[in-house]
C-alpha cells in the first residue's frame with residue numbers, strides 16, 4: 001500500500017516537533033492492492049463512520065450504504 005501526504009497537511013513547527021495533521025491529511029492509495037468486495041465495503045463504511053464522527057448507532061447504515069454504492073458502480077460498469 002502506497003501512502004502519500006496531503007500537500008495541505010500541517011508540517012513540523014520551528015522547534016522540530018510535529019504538529020498534529022488535520023483529519024484526512026494522510027491519503028492511502030489502493031491502486032495496486034487486490035481487495036475483496038467485503039474489504040472494499042468495510043473501508044467505505046469506515047470512512048462513512050468517520051464523516052459522522054464515529055457516533056454509535058449507525059454502523060449498519062454505513063455498511064448498507066457502502067454496499068449499495070459498490071453494487072451500483074458494479075452494475076454501471078457492466079453495462
Work out, step by step, the length gained on full extension between residue 69 and residue 35: first 0.36 nm times the residue separation, then minus their alpha carbon distance; give nm to one decimal.
10.6 nm
Quick check: from the Cα gyration tensor, does segment 27-79 come out rounded (a/c under 1.5), prolate or oblate?
oblate
With an 8 Å cut-off on Cα pairs and a minimum separation of 6 or more residues, tell me the relative contact order of segment 28-77 in percent.
36 percent
Can you give me the C-alpha center-to-center distance between segment 31-47 and segment 60-79, rounded to a whole angstrom?
12 Å
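Every number in this text was worked out from the coordinates using simple rules, so none of it is lab data. For clarity, every value in this text was computed on a predicted model and none was experimentally measured.
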